[in-house]
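The values are calculated or read from the model by the stated rules, or taken from the named source; none is laboratory data. None of the values given here were measured: they were computed from a predicted structure. Backbone-built Cβ (ideal geometry, glycine too); neighbour counts: all protein chains shown. Only protein heavy atoms, including side chains, enter the accessible area calculation; ligands, DNA and RNA are left aside. Shrake-Rupley method; radii C 1.70, N 1.55, O 1.52, S 1.80 Å.
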Amino acid sequence: MTDYQAIIKENTEKPYAVLRREVAQQDIPKEIPPLIEILMNLLRKENIKPVGECFFRYISCTNGGQMVVEAGFPVEKTALKSEIIQLGSFPEGKYLSVIHKGDYRNLIDAHEYLENYAKSNNLSLDENKTDTGVVWGSRAEIYLTEPDLTPIEDWKTEVSFLLK
């Protein structure tokens, strides 16, 4: 496991534009990353420029591993003509975060670290567990480096969970 250092930070609301999909958990690596380029092209057509790094936001997961995932970019608040792009926002609040370095295939380590850190430090994650699964207030991976321009060992991803 990577040597993580958790931090808690206060974030303001951050508007974004996303493409949302329901996908089996094991299919995320092949189904969700291509949405970033598709979204970027759609945003260009709308003359909307991202104001930050691309991200994946995990909305919910069923007990069977079906997940609702958003792939997106932060944007200034705007009106859209597109029926494909959805607007949303990361909620204002306190977030528990770590920076993951290296291959995206190991990001599960950062998620598990944050879950364990929250438990060990009596922090409540903003999540709603039901008989059928879980819905998260905000659980995201923010991609801080360009994988095409950066060696894999230098990739940096912020993994961030909203606290209650």
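Values as computed for the structure displayed
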| quantity | calculated |
| --- | --- |
| In region 1-94, the trypsin sites (Lys or Arg not before Pro) that fall in loop regions by DSSP, at most 14 other Cβ within 10 Å | Lys77, Lys81 |
| Long-range Cα-Cα pairs in region 44-136 (distance over 18 Å), rounded percent | 60 percent |
| Label-to-label distance, nm, for residues given as Ile152 and Asn11 (7 Å Cα→Cβ offset) | 2.7 nm |
| Projected area, mean over directions - region 1-71, Cα convex hull, nm² | 6.8 nm² |
| Of the GluC sites (Glu not before Pro) in region 60-164, those whose Cβ has at most 16 other Cβ within 10 Å and which sit in DSSP loop | Glu76, Glu83, Glu92 |
| Of all accessible heavy-atom area on the chain, the percent that carbon and sulfur account for (1.4 Å) | 47 percent |
| Tilt relative to the chain, helix 33-45 - C-alpha long axis, 0 to 90 degrees, to 10 | 40 degrees |
| Size of electric dipole in region 95-145: Cβ of Lys, Arg +1 and of Asp, Glu -1, about Cα centre, debye, nearest 20 | 100 debye |
| Nitroxide proxy distance, nm - points 7 Å out along Cα→Cβ at Asp3 and Ser89 | 3.9 nm |
| Average accessible surface area per residue within the chain, 1.4 Å rolling probe, Å² | 59 Å² |
| Reachable lysines from Lys164, criterion Cα separation under 22 angstrom, eight or more residues apart if same chain | Lys9, Lys14, Lys94, Lys119, Lys129 |
| Principal-axis tilt of helix 107-120 within the chain, Cα atoms, nearest 10 degrees | 50 degrees |
| Local electrostatic count, Ile99, Cβ distance below 10 Å [Lys/Arg +1, Asp/Glu -1] | +1 |
| Bins of 10 Å, starting at 0 and running to the largest distance - Cα pair percent for region 95-160 | 20, 45, 26, 9, 0 |
| Whole-number percent relative contact order across the chain, with pairs defined as alpha carbons under 8 Å at least 6 apart | 31 percent |
| Distance between region 140-159 and region 48-115 - C-alpha centres, whole angstrom | 14 Å |
| Sum of -39500 (n - 2.57) over DSSP H runs of 4+, divided by residues of the chain (222 nm, nearest 500) | -5500 deg cm²/dmol |
| Residue-count net charge about Gly64 - beta-carbon cut-off 14 Å; Lys, Arg +1, Asp, Glu -1 | -3 |
| Computed log₁₀ I(q)/I(0) - Debye formula, equal Cα scatterers, no solvent, the chain, q 0.10, 0.19, 0.20 Å⁻¹ | -0.37, -1.38, -1.50 |
